[in-house]
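Here is the structure we will look at.
The values are calculated or read from the model by the stated rules, or taken from the named source; none is laboratory data. Here the structure is a predicted model, which is why all the values come from computation and not from measurement. Note that we place each Cβ from the backbone using ideal geometry, even for glycine, and neighbour counts take in every protein chain shown.
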Amino acid sequence: MKAKSEYRNRERTQVAVLDELVNNLEDGMTVFELRAAVSVEIDELEDALATLKDDGLIDVDRTGGRAVIKPDDRVVPDVSDEDEQEESSLGEWIRERLPF
């Protein structure tokens, strides 16, 4: 599952982070799990996380002795939106594959 389409017009790493978090909605992810899933340098990941946090698109849960990052509810698509996302546009396909 991907983040809602209105949150996909962001920097590539931010979109990748949001997508991974939406895919791991129940458990959330640690910074280390995100780094392995997104495959970017730690500085780039930290910048993306800081921007997403400032924009209110992610939440950090520090209970249980570790920091777990989860997407904000508004980023998570509804089940009806999921079908729409399966049919992504050509422009979206190109944008995901070209480095910007």
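What the table below lists for this structure:
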{"item": "Close pairs (6 angstrom Cβ cut-off, 6 or more residues apart or separate chains): of a type in the set (A, V, I, L, M, F, W, C) in the range 36-53, outside any helix (DSSP H, G or I) anywhere", "result": "LEU52/ILE58"}
{"item": "Residue, nearest to ASP78 (Cα to Cα), within the range 13-40, restricted to residues that are of a type in the set (Gly, Ala, Ser) and in a loop (DSSP other than H, G, I, E, B)", "result": "GLY28"}
{"item": "Yes/no for ASP43 being farther than 26 Å from GLY91 by Cα and either assigned to a strand (DSSP E or B) or touching a His at 6+ places or on another chain (Cβ under 9 Å) (or both)", "result": "no"}
{"item": "Index of the failed condition, THR13 passing every other in (1) β-branched (Val, Ile, Thr); (2) crowded, with 16+ Cβ neighbours inside 10 Å; (3) in contact with a strand residue (DSSP E or B) (Cβ under 6 Å, 6 or more places away or on another chain)", "result": "(3)"}
{"item": "ARG8 over 10 Å from the mean Cα position of the chain (by Cα) and surrounded by fewer than 19 Cβ atoms within 10 Å (Cβ to Cβ)", "result": "no"}
{"item": "Test for MET1: is it over 10 Å from the mean Cα position of the chain (by Cα), closer than 20 Å to ARG95 by Cα and among the aliphatic types (A, V, I, L, M)", "result": "yes"}
{"item": "Flag for ILE42 being at pLDDT 95 or above and of a type in the set (A, V, I, L, M, F, W, C)", "result": "no"}
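Yes/no matrix, rows are residues, columns are (1) in contact with a helix residue (DSSP H, G or I) (Cβ under 6 Å, 6 or more places away or on another chain); (2) surrounded by 18 or more Cβ atoms within 10 Å (Cβ to Cβ); (3) without any contact (Cβ under 8 Å) to a residue 60 or more places away in the chain:
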residue	(1), (2), (3)
VAL17	yes, yes, yes
LEU21	no, yes, yes
GLU26	no, no, yes
VAL60	no, no, yes
ASP73	no, no, yes
